[in-house]
Every structure is written in C-alpha cells, then in structure tokens.
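Peer 1: After the structure tokens below, expect a handful of questions from me.
Nothing in this text is a laboratory measurement; each read-out follows from the coordinates by a stated rule. The structure displayed is predicted, hence computed values, not measured ones. A quick note on method: Cβ atoms are made from the backbone with ideal geometry, for glycine too, and the neighbour counts reach across all protein chains shown.
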Amino acid sequence: MKTLEALKFLFIGPAILAMLAVINWLTTPGVWWVQWPALGIGIAWLVSLSRVARAVLLAGGITALLAMLAAAKSKKSNEPVSIL
C-alpha cells in the first residue's frame, strides 16, 4: 500500500509545488518563499521515488528468476519455455 501512495505522490507532489509557485508569484512576487516548501516536497519526492524504484526492481528480479527457472525446467524436459 505504501508503494501505491508513493507512486501517487510522484504526480501529486509536483502539482502541489506548481500551485504554490503560482500562489507565491501572485501574492508576493518580490519574496520567493516557495523555495522552502519545494525543499520539503523535493525530499519527500526523492524518498517516494526510491520506494517505487525498489518495488519495481524487486518485481523485475522475481520475474527474471521465474523465467530462469522455467527455462531450466524446459531444458531438462525439452519443452518450449512458457512463463505463464
């Protein structure tokens, strides 16, 4: 569940930041206060990106392992390789 929330934040975080930048530009164009929320959102975005990347790599590794095991099994029995 945390991975899905992290994936969702990868799209919502920049949208929130863009909204804050527009608010900053409209209300106080001389003061650039949006840099501080950008720092926090940027750190949270990187953490979310690492969480999603870890899940993708784990899923890819498991898929590759299953494909390798299926190929080894089919070599022994001379059957065509089928992962499904």
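Peer 1: Could you go through region 53-74 and let me know if any residue there is in contact (Cβ under 8 Å) with a residue 24 or more places away in the chain, loosely packed, with under 11 Cβ neighbours inside 10 Å and within 23 Å of the chain's Cα centre (by Cα).
Peer 2: Within region 53-74 (the criterion being in contact (Cβ under 8 Å) with a residue 24 or more places away in the chain, loosely packed, with under 11 Cβ neighbours inside 10 Å and within 23 Å of the chain's Cα centre (by Cα)), the answer is no, since none of the residues qualifies.
Peer 1: Taking the condition surrounded by fewer than 15 Cβ atoms within 10 Å (Cβ to Cβ), outside any helix (DSSP H, G or I) and either under 23 Å from the mean Cα position of the chain (by Cα) or not acidic (Asp, Glu) (or both), does Trp25 pass?
Peer 2: no
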